Amino acid sequence: MMIAEKNSSNSNKIVKQTYTVFGVIIFFWIIAWLFKIQIDKVVSETELGSFTYWTTAKLLIWILPSFWLIRLSGRNLKQVLNFSNYKQWLSWGVGIGFGVAFLGIAQNYLNGKSIFPTRFDYGLVNVLLISPVFEEFLVRGGLMGNLQETHSFLKSNLISSLMFVVLHIPGWFFMGSLISNMTRLDGAVSIFLIGLLCGYAVNRSNSVLGGVIVHFLNNLA
């Protein structure tokens, strides 16, 4: 009985610390945006410079805390990635991802836009590689994984998907597109739904790579 109470107390502590860490991440993410704005006033912005800045910021503000969150819950990188379960994360990731991508491709086609990216640049590398890997590692690997210590998968997926939206809010605010992104279907609503699908893929495949694939295919379209 005492062991069960101790385990429950430890799980509650992990979840509380996870919420706190997310708040700290958002705080420093806002600082990163403010710092970037000041840099751009002094130094002319370049595509490579911007890519390097934001990749470094994400490594420091998103990825390092993610490793700590994973260790906090007694997990390790091998368990989170679960490479050996490749059949599951490939099938769930590709299956869900293609369904999402098809909708995006159809929408682009109907709107007369290019179906796939037409040029390769640092922005594309960020959208197709950095964002899917870094965001899934933080949101689904670090946050959702820890929330499941006390919450059901459904509740953890809903909360982490909301966190996924919140993660985008500072960028929208500083780029002057907060209101439009919060009210458009292809803004916050779309990101929330994609978050749910990524979380579902991660849960079914028992690997964050399932979510990475869904995220990648969504961004590709």
Residue 43 being of a type in the set (Val, Ile, Thr) and over 18 Å from the mean Cα position of the chain (by Cα): yes
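Quick check on the stretch 110-132: of everything there that is small (Gly, Ala, Ser) and assigned to a helix (DSSP H, G or I), which residue is surrounded by the fewest Cβ atoms within 10 Å (Cβ to Cβ)?
My answer is 123.
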Of residues in the stretch 75-112 being at pLDDT 95 or above and β-branched (Val, Ile, Thr), the one nearest to residue 146 (Cα to Cα): 80
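Closer than 15 Å to residue 25 by Cα and either assigned to a helix (DSSP H, G or I) or modelled with pLDDT of 95 or more (or both): is that true of residue 164 in this structure?
So residue 164 fits the description; yes.
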Unmet requirement for residue 177, which otherwise passes all of (1) polar (S, T, N, Q); (2) surrounded by fewer than 20 Cβ atoms within 10 Å (Cβ to Cβ); (3) more than 26 Å from residue 117 (Cα to Cα): (3)
Hey, residue 135 surrounded by 12 or more Cβ atoms within 10 Å (Cβ to Cβ) and either of a type outside the set (Gly, Ala, Ser) or in contact (Cβ under 8 Å) with a residue 60 or more places away in the chain (or both) or not: yes
Residue within the stretch 89-109 that is more than 19 Å from the chain's Cα centre (by Cα), free of Cβ contacts under 8 Å to residues at least 24 places away in the same chain and not in a helix (DSSP H, G or I) present: no
Residue satisfying all of: in the stretch 37-48; without any contact (Cβ under 8 Å) to a residue 60 or more places away in the chain and part of a helix (DSSP H, G or I); surrounded by the fewest Cβ atoms within 10 Å (Cβ to Cβ) among these: 42
Verdict on residue 156 being surrounded by fewer than 20 Cβ atoms within 10 Å (Cβ to Cβ), assigned to a helix (DSSP H, G or I) and small (Gly, Ala, Ser): no
Positions within the stretch 174-206 being touching a residue at least 40 places away in the same chain (Cβ under 8 Å) and either of a type in the set (Gly, Ala, Ser) or part of a helix (DSSP H, G or I) (or both), in sequence order: 174, 194, 195, 197, 198, 199, 200, 201, 202, 203, 204, 205
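The values are calculated or read from the model by the stated rules, or taken from the named source; none is laboratory data. As the structure is a prediction and not an experimental result, all values here were calculated from the model. Reconstructed Cβ throughout: ideal geometry from the backbone, glycine too, with neighbour counts over all protein chains shown.
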